[in-house]
Ligand code: SER
């Protein structure tokens, strides 16, 4: 894009936000990226940081107007496992947060100041009746968690605001995202982060998912690249206004443990599935992302061995006790 973008990242202290802020600042200049979070702690030393509750629509609208924002990444949400502990809170945060930003975008469109919006969907939007292998872009979606239900409803809202109001909103159905800058954050896929914390402490990891639970995953650098490539693509290439399937690498706990053992031969894993197993059992094992490839050129780059090597080199074991 040629014109200077002014970017707001909401939920900036979360797993994706903390890395996206850095990538966007490198691309657009730190002065053009505002990191916003409900927490007053500027955890990642973002150049421009503000406290914002995404549920406060007036404050959100005022910030967008005063900073002449052109792009918003709305990442504030509760994940699948934490959502099950507080379903109504998760629904309110996940739905009203999205609706507030879609409404701000509709209002800005009406005065000739369009916003481009990114909002994350998830593999959690699928459910037990969804074909689990090479899950198609368009298929049965019957999510069973409040988080997944909010993602499916959110996808429908995104498409609705695009069709009805011309809001330029874009989304990805993220696989489980593996990363090292933040501690595991209440997701069903987060075993694949916690396992590295145990491995590097020299501890046995007790997995809350069983050995054969294959899930779609993606390493953070690929996830960030997918997000920015989607947001930088010309609007006419974006044919899906709900959310794109994006595949990274699929594996199960046994395969991940084996990849870690190739680097750390003493590493041991045990299995004690808990309530998160039932969630994982309703999610796909692999995704067909041909639509993302065809429309905006998506290609994953990072496989399991490269990811494991990079995680083992970078995980900071002092970052919160692994879940
Ligand atoms: N990683 C998320 C979770 O496990 C899925 O989007 O909740």
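The values are calculated or read from the model by the stated rules, or taken from the named source; none is laboratory data. Everything numeric in this text was worked out from a predicted model, so none of it was measured. Don't worry about glycine lacking a Cβ; one is built from the backbone with ideal geometry, like all the others, and counts go over all protein chains shown.
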For this session: For segment 199-207, indicate whether the set of residues that are buried (at least 22 other Cβ atoms within 10 Å of the Cβ) and more than 16 Å from the ligand (Cβ to nearest atom) is non-empty.
Result: yes
Exercise. For residue 194, are the conditions met, namely being at negative phi, crowded, with 17+ Cβ neighbours inside 10 Å, within 16 Å of the ligand (Cβ to nearest atom) and touching a residue at least 12 places away in the same chain (Cβ under 8 Å)?
Worked result: yes
Exercise. Quick check: anything in segment 96-104 within 14 Å of the ligand (Cβ to nearest atom) and buried (at least 17 other Cβ atoms within 10 Å of the Cβ)?
Worked result: no
Exercise. Quick one: how many residues across segment 44-55 are free of Cβ contacts under 8 Å to residues at least 40 places away in the same chain and either assigned to a strand (DSSP E or B) or out of contact with any strand residue (DSSP E or B) (no Cβ under 8 Å at 6 or more places or on another chain) (or both)?
Worked result: 6
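Every residue, every condition in (1) in contact with a strand residue (DSSP E or B) (Cβ under 9 Å, 6 or more places away or on another chain); (2) farther than 21 Å from residue 121 by Cα; (3) crowded, with 22+ Cβ neighbours inside 10 Å, yes or no:
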site: 4; (1), (2), (3): no, yes, no
site: 9; (1), (2), (3): yes, no, yes
site: 14; (1), (2), (3): yes, no, no
site: 25; (1), (2), (3): yes, yes, no
site: 37; (1), (2), (3): yes, no, yes
site: 42; (1), (2), (3): yes, yes, no
site: 73; (1), (2), (3): yes, no, yes
site: 79; (1), (2), (3): yes, no, yes
site: 83; (1), (2), (3): no, no, yes
Problem set entry | Long-range neighbours under 6 Å by Cβ, at least six apart or interchain, first residue over 20 Å from residue 14 (Cβ atoms) and at pLDDT 95 or above within segment 114-131, second near the ligand (Cβ under 10 Å from one of its atoms) and in a strand (DSSP E or B) | none
Problem set entry | Tally of residues being surrounded by 17 or more Cβ atoms within 10 Å (Cβ to Cβ), touching a helix residue (DSSP H, G or I) at 6+ places or on another chain (Cβ under 9 Å) and farther than 30 Å from residue 24 by Cα across segment 105-143 | 4
Problem set entry | Failed item, numbered, when residue 84 is tested on (1) within 14 Å of the ligand (Cβ to nearest atom); (2) touching a helix residue (DSSP H, G or I) at 6+ places or on another chain (Cβ under 6 Å); (3) part of a helix (DSSP H, G or I) | (2)
